[in-house]
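The values are calculated or read from the model by the stated rules, or taken from the named source; none is laboratory data. None of these values were measured; they are calculated from a predicted model. So basically every Cβ, Gly included, is an ideal-geometry build from the backbone, and we count neighbours across all protein chains shown. All accessible areas refer to the heavy atoms of the entire protein, side chains included, with ligands and DNA or RNA removed. Shrake-Rupley method; radii C 1.70, N 1.55, O 1.52, S 1.80 Å.
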Amino acid sequence: EELGVDAHKVLVLSNAADPSVFDPARVNGDVRERCGLTTHVVGFAGRFLPWHGLELLVEAMPSVLREVPAAMFLFVGDGPERPRIEADLARRGLARYAVFVGHIEHERLPAYLAAFDVAVLPHSNAYGSPMKLFEYMAMAKPTGAPRLGPVEAALTHGETGLLFEPRDVADMSRALVTLLTDDALRSRLGARAREYVVHERNWGRNADAVLALARAVGRRAP
């Protein structure tokens, strides 16, 4: 309205994932074995940036480990916050529970996501559509994520994942413990998450929406 653009010319689309690439049925990797991971793996994939709130995940780790002593935390990615996160883990005596694999090429990412039992998005922002969330979901990973607008638009609490209050470490811990200790819940949420991406939040659907808008605008043109 401020710029004088007709509303019918505007389309807002979230990010998405390619479920034919992020497909658990196509992954036969050995990441867990190579990384020395246990059967209870909480995973994060992405850039180590301030708004991803990785320091909150470090704060949550002691509470999770009290309930699930065999838990391990797999960090996939790199970025400017990584040295601070690693130093914080060492200071808290938690380094032995964390595995860092550094930057992974995008085409190799599905094999690393397959190594997760539970995926986590520790934090985000009020306007971003986190692509990692859709890639987690496409890989049928039950995810804990904060109650922020773009996240809630994609992840339904108790249906395709579990939501926690933003920056609430205790609430994040509870969500992760629930997912780690309930095999049936993990399986159900993961399956529904993948189904949602396959049918709704994929790049093909986004492309179709763009083409439909272009056709509609073209028909309205004088």
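A few comments on the model shown:
- Amide H contacts of residue 161 (H built 1.01 Å from N, in plane; Pro and chain starts excluded): 156 sit under 5 Å, all sequence-distant by 5 or more or on other chains.
- Label of the coordinate-derived value, Rg and Dmax of the Cα atoms in Å, listed as [x] 22.4, 69; [y] 17.2, 60; [z] 18.6, 68: [z]
- Restriction of the GluC sites (Glu not before Pro) in segment 1-91 to DSSP coil positions whose beta-carbon has at most 11 other beta-carbons within 10 angstrom yields 1, 2.
- Carbon + sulfur, % of accessible area of the chain - ligands and nucleic acids excluded, 1.4 Å: 52 percent
- For segment 108-118, the Karplus equation 6.51 cos²θ - 1.76 cosθ + 1.60, evaluated at θ = phi - 60°, returns couplings of 9, 5, x, 5, 6, 5, 5, 7, 7, 8, 9 Hz by residue, with Gly and Pro reported as x.
- For residue 101, the amide hydrogen comes within under 5 Å of the amide hydrogens of 75, 77, counting only partners 5 or more places away or on other chains and with H modelled in the peptide plane.
- Residue-wise HN-Hα coupling along segment 206-217, computed from phi with Karplus coefficients 6.51, -1.76, 1.60 (Hz; x: Gly, Pro): 4, 4, 4, 5, 5, 5, 5, 5, 4, 5, 5, 5
- GNM top mover of 111, 95, 207 - the chain, alpha-carbon springs below 10 Å: 207
- With Cα atoms, 0 to 90° folded angle of helix 183-199 axis to the chain main axis: 20 degrees
- With Cα atoms, 0 to 90° folded angle of helix 54-67 axis to the chain main axis: 50 degrees
- For the residues 163, 113, 65, a GNM of the chain with alpha-carbon springs under 10 Å puts the largest fluctuation on 65.
- Accessible-area order (highest first, 1.4 angstrom probe) of the listed residues 139, 72, 131: 131, 72, 139
- Computed accessible area, residue 9, all protein chains, 1.4 angstrom probe, square angstrom: 110 Å²
- Segment 1-154: relative contact order in percent, alpha carbon pairs under 8 Å with at least 6 residues between: 31 percent
- Largest mean-square fluctuation among 12, 118, 31, in a Gaussian network model of the chain whose springs join Cα atoms under 10 Å apart, belongs to 12.
- Tensor-based shape of segment 157-216 (alpha-carbon gyration tensor, a/c under 1.5 rounded, otherwise prolate or oblate): oblate
- Segment 60-146 - accessible surface per residue (Å², probe 1.4 Å): 38 Å²
- Looking at segment 40-198 alone, DSSP beta bridges between its own residues are antiparallel in about 0 percent of cases.
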